[in-house]
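Student: Mind having a look at this structure? Questions to follow.
Bear in mind that the values in this text are calculations on the coordinates, not laboratory data. On a predicted model such as this, the values are computed, not experimentally measured, just so you know. Note that each Cβ is placed from the backbone with ideal geometry, even for glycine, and that neighbours are counted across all protein chains shown.
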Amino acid sequence: MTDQTSPPVRRLADWPHDRLERLADEHGTPLYVLDTDRVRENYGRFSAAFPDAHVMYAAKAHTGQAVLSTLLDAGADIECAARGELQRAIQAGADPNTLQYTAVNPPKADVEYAAQLGEDHPGLTITAGARDTFDRLEARGYDGRVAIRVNPGIGTGHHEKVATGKDAKFGIPAEQVPTLAADIADRFDLVGIHAHVGSGVLQGDLDDHCTAIERVANIARETTREASVGLEFLDIGGGFGVPYREDEPPLDMSEVGERVREAVGDMDVQLALEPGRYVVADAECILTRVNTIKETDTATVVGVDASLATLIRPAMFDSYHPIRNVTAPDRAPEPVSVGGPCCTSADVFCTDRPIARPERTDLLAIGNAGAYGYELANQFHSQPRPAEVAIEAGETRVVRRRETLDDVTRVESN
Ligand SMILES: *Cc1c(COP(=O)(O)O)cnc(C)c1O
């Protein structure tokens, strides 16, 4: 858990190419390959940078049982943002008393489930970012542990669609927090102030991110003073990024730890964090086979069997994912566009990017697919979702079998 020695970044070139070839032959493509040892290392490196903090893994980045049980085994607690995530965390062995549930516009069934879970397991904490959600919890008879999600008015991160810190959808506006705190302190056990301001924060975003954290910490201090409540924790959420581009440096975690503590300042509460992406992103890659190559006057188009149904981040967030020719990494690089079999021009993984010249049947790897990768996979074009294999201590095992068309149609009727 105090592992500070693992490499801070893992590039595609660091994956064992022979083994990737064998896995693709054995399990077919597209295939998700998860390295649970790397998940453990990432969690260890993160925790080591925050020795006195409470580190929870944000499950929504990758809710696979293999990931959750690896992290539980490594000593992590889990933050869940939906009923299904709570259920899967419990299935993976989490003690409900240690779970934190972040309610964002929660459906009725989620409020019911979380309230019941909290009644049965009083250690559960529910975080809410709307007065109305607290009212709904109270109406359901819940009076247990709660935290207030604050909107600091600053969002940070790699894309507008993940910068939650200034979006009115997330959190209570700063100036309303002390009043709300005084109000709900009578109705619940108010234990924390929470914020999650963005995602994909790298070294260059650190100033903004720390300004937001400073603001949240000030709100927590004000709340403690004005509402005379004794808080247990200040939770600054996740958002810590990994380098997706080959030439980007990784976050220097000891600097991050220092900067965050500085931004939080003097406070008599425990610091809590909820990393998602940082823990899983570089622990997984996707293997995909080249189907078709087309040369035109303007482009070389490499058609692969992965698509936006396999990995939607490029289509949804314009995300860059590294791509490597695993079969022939040493061939001369040529600018190519790589895309899948879906009938939309959004189904491209890269455009005119230099890659060791792919040939038909070559195996390509798409890197950094562990966070919001399988989690956002879908069945567009009636494509069953891929299998996922885990590598652990040199052994491999299937942790998610490949779906069949039956899995896609099972829930249908005429
Ligand atoms: C998504 C989310 C996280 C994790 O964000 P990352 O950018 O993956 O670290 C943490 N906390 C909350 C409340 C979230 O919604």
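Student: For the chain, give the share of DSSP beta bridges that are antiparallel, in percent and rounded to the nearest 5; count only bridges with both residues there.
Tutor: So the antiparallel bridges amount to about 40 percent of the total.
Student: Right, next: Which one, ASP205, ASP14, ASP268, has the greatest fluctuation when you compute a Gaussian network model over the chain with C-alpha springs under 10 angstrom?
Tutor: ASP14
Student: Report the percentage of all Cα-Cα pairs in the chain whose separation exceeds 36 Å, rounded to a whole percent.
Tutor: The answer is 28 percent, as a whole percent.
Student: So, one more: Can you tell me the relative contact order of the range 234-293? Whole percent, Cα pairs under 8 Å, sequence separation 6 or more.
Tutor: Details: 39 pairs, mean separation 33.2, N = 60.
About 55 percent, as a whole number.
Student: Given axes a ≥ b ≥ c from the Cα gyration tensor, I'd like to know whether the range 335-399 is rounded (a/c under 1.5), prolate (a/b larger than b/c) or oblate.
Tutor: oblate
Student: Counting alpha carbon pairs within less than 8 Å and at least 6 residues apart, what relative contact order, in whole percent, applies to the range 1-124?
Tutor: 21 percent
Student: I need SER413, SER382, SER319 ordered by Cβ neighbour count within 10 Å, fewest first.
Tutor: SER413, SER382, SER319
Student: Between the alpha-carbon centers of the range 183-249 and the range 340-376, tell me the distance in whole angstrom.
Tutor: Distance between centres, Cα-based: 34 Å.
Student: Separate question: Please find, in a Gaussian network model of the chain (springs between Cα atoms separated by less than 10 Å), the residue of LYS60, LYS169, LYS108 whose mean-square fluctuation is greatest.
Tutor: LYS108
Student: Where both partners of a DSSP beta bridge lie in the range 36-281, what percent of those bridges are antiparallel, to the nearest 5?
Tutor: Counting only bridges with both partners in the range 36-281, antiparallel ones make up about 0 percent.
Student: Under the 0.36 nm per residue contour assumption, what length would be gained going from the current alpha-carbon distance of ASP352 and GLN65 to full extension? All intermediate terms of the calculation are to be shown ahead of the outcome.
Tutor: Numbers: separation 287, 0.36 × 287 = 103.32 nm, distance 3.69 nm.
Extra length available between ASP352 and GLN65 comes to 99.6 nm.
Student: Find the relative contact order for the chain and round it to a whole percent, using C-alpha pairs within less than 8 Å whose residues are 6+ positions apart.
Tutor: Values: 920 pairs, mean separation 76.8, N = 414.
Relative contact order comes out at 19 percent.
Student: Using a/c under 1.5 as the rounded threshold, could you call the range 36-281 rounded, prolate or oblate? The axes a ≥ b ≥ c are square roots of the C-alpha gyration tensor eigenvalues, and prolate needs a/b larger than b/c, oblate otherwise.
Tutor: oblate
Student: Next question. Add -39500 (n - 2.57) for each DSSP H run of 4 or more in the chain, then divide by its residues: what number comes out at 222 nm, to the nearest 500 deg cm²/dmol?
Tutor: -8500 deg cm²/dmol
Student: How much of the DSSP bridge set in the range 284-361 is antiparallel, in percent, rounded to the nearest 5?
Tutor: Bridges in the range 284-361 that DSSP calls antiparallel: roughly 80 percent.
Student: Could I ask something else about it? Roughly how big is the range 207-247's charge dipole about its Cα centre, with Cβ charges of +1 (Lys, Arg) and -1 (Asp, Glu), in debye to the nearest 20?
Tutor: 180 debye
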